[in-house]
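I have placed the structure first, in the form of structure tokens, so that the comments after it can refer back to it.
The values are calculated or read from the model by the stated rules, or taken from the named source; none is laboratory data. Source: prediction; values computed, not measured. All Cβ positions, even for glycine, are placed from backbone atoms using ideal geometry, and neighbour counts span all protein chains on display. Note: accessible area is taken over every heavy atom of the protein model, side chains too, but ligands, DNA and RNA are not part of it. Shrake-Rupley method; radii C 1.70, N 1.55, O 1.52, S 1.80 Å.
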Amino acid sequence: MMITKKIPILMYHSIELMPRSTVMRGMHVPPRRFKFQMWLLKILGYKGLSIRELQPYLDGIKVGKVVGITFDDGYQNNLINAAPILNKYKFSATCYLVSNYIGVSNVWDKSKGLSQRPLMTIPEVKEWISLGMDIGAHTLSHVDLKSSSKDIVKNEINLCKAILEKKFNITIMDFCYPFGSFDEATCSVVKKAGYTTATTMIRGRASIETSHFQLPRVPITFHTLPYLFLVKIFTSYEDRKFKN
């Protein structure tokens, strides 16, 4: 397969085998499938990186066979099922945390009938970091920023960063828009808050020309079988879905 200058940033949520009856089962990737995906990257000579470690490649300062790895929401199963596999291959990843719900569950999904899965507790997040992984901000309470008032947007973006930095004694550089919802005004608030990147749910692969505050990602779901996984990462399949 042809190597391009495009950089895939993988978007995961939950790493857990869920029953067939699960609402939106697609957001849950079985651990065995995740393990196979990371193994594939490894044998093909790629390194999985957190967004913090990926940034020099996005800036064009470094070049290499790299893939960004991100997890939205901070599920406990990211630590239990994904971290050991990432550690095995010396990969790193960014987990975007919802600061008000650390140690709780994905309560923002309740009204949609989605399964409630536990989110990492403070000690578990510390363990995640100690394994060489990174964390980013996903707002205070997982709100739709595009439809929120200016004051709420500022609080959700700024306070989440401050809380996470205080709790975990780490500089938070990376942000992720809940529900992939944002506009130019939101991007501006994120930039002013001191973040250096923000990931979206826009589908596609990043490049040095991509705005650091509108980074596209490659969604990896329950339905991403090996062939599709390779196609998504190494071809223009996802790029064709990129929409501004």
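Annotations for the structure displayed:
- Choice from Met18, Met120, Met133 showing the highest fluctuation, given a GNM over the chain with Cα pairs closer than 10 Å: Met18
- Accessible solvent surface per residue of region 169-244, calculated while the other protein chains remain in place, 1.4 angstrom probe, Å²: 45 Å²
- Within the shell defined by Cβ-Cβ distances under 10 Å, the residues around Lys6 carry a net charge of 0, with Lys and Arg each +1 and Asp and Glu each -1.
- Pairs of C-alpha atoms in the chain farther apart than 24 Å represent 41 percent of all such pairs.
- Neighbourhood net charge (13 Å Cβ-Cβ; Lys/Arg +1, Asp/Glu -1) for Pro219: +3
- With every protein chain in place, the chain: carbon and sulfur % of accessible area (1.4 Å): 56 percent
- Centre separation in Å (Cα based) which lies between region 1-76 and region 172-244: 12 Å
- Normalised by residue number, the volume inside the convex hull of the Cα atoms of region 9-50 is 70 Å³ per residue.
- Its alpha carbons considered, region 124-240 gives a radius of gyration followed by a Dmax of 15.6, 45 Å.
- Rounded FRET efficiency, nearest 0.05, which uses the C-beta distance separating Ile129 from Glu184 and R0 of 41 Å: 0.80
- Computed about the Cα centre, the dipole magnitude for the chain is approximately 660 debye when only Lys and Arg (+1) and Asp and Glu (-1) carry charge, each at its Cβ.
- Stretch gain in nm, segment Ser207-Lys42, where the contour uses 0.36 nm per residue and the Cα spacing is subtracted: 57.3 nm
- Using a Förster distance of 30 Å, the FRET efficiency for Tyr237-Ile80 (Cβ separation, nearest 0.05): 0.45
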